[in-house]
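Presented below is the structure to which this report refers.
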Amino acid sequence: VASDGICDDAIVSYENVFVRDNIKLNLLSDIDKVTIGGKVNFYADVLSGEPIAYIWKVDGEVIAVTEENELLEYPKAPSVYTVEATDSVCFHSEASKEIDVDLPTAFTPTAVDDMNDWFMKGFKVEIFNRYGQLIFTGDDGWDGMTFGSMADPGVYFYSVVLKNGKTMKGTIELVKLY
């Protein structure tokens, strides 16, 4: 006899009843800290149960729903990644992992290899010279240009607003490749 508490009780089967284990899982990653733009491989390690779907979240917002227990991500800010596993009987479980980020320490604008040409492309940045003077501000990273010409090689100070609204400050080295 089975009841859902709403409808009338009913005999649903005279067969054997199978009991499934509740889902238990851990969320693993290949690294705990990544340079922005770098990749992190996540793996939902299922300890018990039989999940059929995985709901992947970053800071509480759903980013993917998959049948696979692996996810490749490119964090843009320190974030909490969560995976929720569900099965066909309404059991679910979730696990979380915090990923921290570093900002790049050097870049090579207008290099001949078309790699590493921007500092924090897609982010709001402010760049200061060694005297603390603001020499660049923009909403799409820094390409090494200041006042219409390429900045000299050297170390500059920055303030970057990450995608989560947090501001990070530090130094960036502009390297010229000839």
Quick check on residue 64: is it open to solvent by less than 30 Å² (accessible area, probe 1.4 Å) and closer than 14 Å to residue 25 by Cβ? no
Can you tell which of 139, 143, 113 is within 25 Å of the chain's Cα centre (by Cα) and modelled with pLDDT under 95? 143
Which is exposed (fewer than 15 other Cβ atoms within 10 Å of the Cβ) and farther than 25 Å from residue 42 by Cα, of 139, 143? 139
Only one of these conditions is not met by residue 102: (1) open to solvent by less than 40 Å² (accessible area, probe 1.4 Å); (2) on the phi < 0 side of the Ramachandran plot. Which number is it? (1)
Name the strands (runs of 3 or more DSSP E) wholly within segment 127-174 that hold at least 2 residues that are among the small types (Gly, Ala, Ser)? 154-161
Can you find, within segment 166-178, the residue that is modelled with the lowest pLDDT among those that are within 28 Å of the chain's Cα centre (by Cα) and open to solvent by 50 Å² or more (accessible area, probe 1.4 Å)? 166
Check 98, 73, 61, 50 and return the single one that is out of contact with any strand residue (DSSP E or B) (no Cβ under 8 Å at 6 or more places or on another chain) and closer than 21 Å to residue 162 by Cα. 61
Please give the number of the condition residue 128 fails out of (1) under 21 Å from the mean Cα position of the chain (by Cα); (2) open to solvent by 20 Å² or more (accessible area, probe 1.4 Å). (1)
Determine the pairs where a residue that is modelled with pLDDT under 90 and part of a strand (DSSP E or B), located within segment 86-98, has a partner that is open to solvent by less than 70 Å² (accessible area, probe 1.4 Å) and of a type outside the set (Val, Ile, Thr) with Cβ atoms under 6 Å apart, the partner being 6 or more residues away or on another chain. 92/84
Does segment 147-161 contain any residue that is closer than 30 Å to residue 61 by Cβ, surrounded by fewer than 18 Cβ atoms within 10 Å (Cβ to Cβ) and without any contact (Cβ under 8 Å) to a residue 24 or more places away in the chain? no
If the requirement is being assigned to a loop (DSSP other than H, G, I, E, B), in contact with a Ser or Thr (Cβ under 8 Å, 6 or more places away or on another chain) and of a type outside the set (Gly, Ala, Ser), which of these qualifies: 41, 116? 116
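The values are calculated or read from the model by the stated rules, or taken from the named source; none is laboratory data. Since this is a predicted model, take the numbers as computed values, not measurements. Virtual Cβ from ideal backbone geometry, glycine too; neighbours counted across all protein chains shown. When the accessible area is computed, the model is the full protein with side chains, heavy atoms only, and any ligands, DNA or RNA have been set aside. Shrake-Rupley method; radii C 1.70, N 1.55, O 1.52, S 1.80 Å.
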